[in-house]
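Visitor: Sharing a structure, written as structure tokens. Questions coming.
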Amino acid sequence: MTEQDAKIAGLTLERGVACIVVVNKWDIIKKDNATVGKYVKDIKDAIKFMDYAPIIFVSALTGQRVTKIFDIIESVLNQYTKRVITAELNSVVRKILESNPPPRHQHRANTVSYITQASVAPPTFVFFVREPKAIHFSYRRFLANQIREAFGFDQTPIRIIFRNKTQP
């Protein structure tokens, strides 16, 4: 993976575009039992911010695994356009928040009053909280990982947005 490849991957992340890493010319690489693992590790190290992107090794010359790309595209597209029912989303996320609540802000709980999926492509989740600016990026990443695991968004980017909860 070159520096330019990593920059392009960064642009896809910024724009919220789904991505598949296709490594071509796999037929000319000398391989042993550890080759795939080494290449996957090198790619994941270069684009740590896109650990969800599937990686496939192909040979356009021989056709090796080329047709499998379409199965991966279908899987990624299904996740990229997937919508979670609001009641189910709130139920699952409530359990996550009970076990690991957001950090307190100014000695008060920064409670989450409601969660909804605002859009797809990429899946975007909005959390309505008392103080959105008090949510640290590490907690945002934690919630994104929990949502990925709970709802099967392991091959697509997702966005987490925090907004002020509306006052009655």
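Visitor: Find out how many positive minus negative residues lie around residue 84, taking Lys and Arg as positive, Asp and Glu as negative, among other residues whose Cβ is under 15 Å from that of residue 84.
Guide: With Lys, Arg at +1 and Asp, Glu at -1, the net is +3.
Visitor: Counting only helical runs of four or more DSSP H residues, what would the 222 nm mean residue ellipticity of the chain come to if each run contributes -39,500 (n - 2.57) and the total is spread over all its residues?
Guide: Working: 5 runs with 67 residues, N = 168.
Helix-only estimate at 222 nm: -12500 deg cm²/dmol.
Visitor: Of 19, 55, 33, which is farthest towards the positive pole of region 3-80's charge dipole, taken about the Cα centre with +1 and -1 on the beta-carbons of Lys, Arg and Asp, Glu respectively?
Guide: Of the options given, the answer is 33.
Visitor: Find which of 157, 109, 89 sits farthest along the positive direction of the dipole of region 86-164, computed with +1 on the beta-carbon of Lys and Arg, -1 on that of Asp and Glu, about the Cα centre.
Guide: Towards the positive end, the residue furthest out is 109.
Visitor: In Å, what is the Rg of the alpha-carbon atoms in region 3-80, and how long is Dmax?
Guide: Cα-based Rg and Dmax for region 3-80 come out at 13.1, 37 Å.
Visitor: Would you work out the charge dipole size for the chain about its Cα centre, treating the Cβ of every Lys and Arg as +1 and the Cβ of every Asp and Glu as -1, and quote it to the nearest 20 debye?
Guide: 560 debye
Visitor: Given charges of +1 on the Cβ of Lys and Arg and -1 on the Cβ of Asp and Glu, with all other atoms neutral, how large is the dipole of region 43-93 about its Cα centre, in debye to the nearest 20?
Guide: Using Cβ point charges on Lys, Arg, Asp and Glu, region 43-93 gives about 60 debye.
Visitor: Still on this structure, please answer the following. Suppose every K and R has +1 on its Cβ and every D and E has -1 on its Cβ; what is the size of the dipole of region 3-80 about the Cα centre, in Debye to the nearest 20?
Guide: Charge dipole of region 3-80: 180 debye, to the nearest 20.
Since every read-out is calculated from the coordinates, none of them should be taken as a lab result. What you see is a predicted model, and the numbers here were worked out from it, not measured in a lab. No Cβ is skipped: glycine too gets one built from the backbone with ideal geometry, and neighbour counts run over all protein chains shown.
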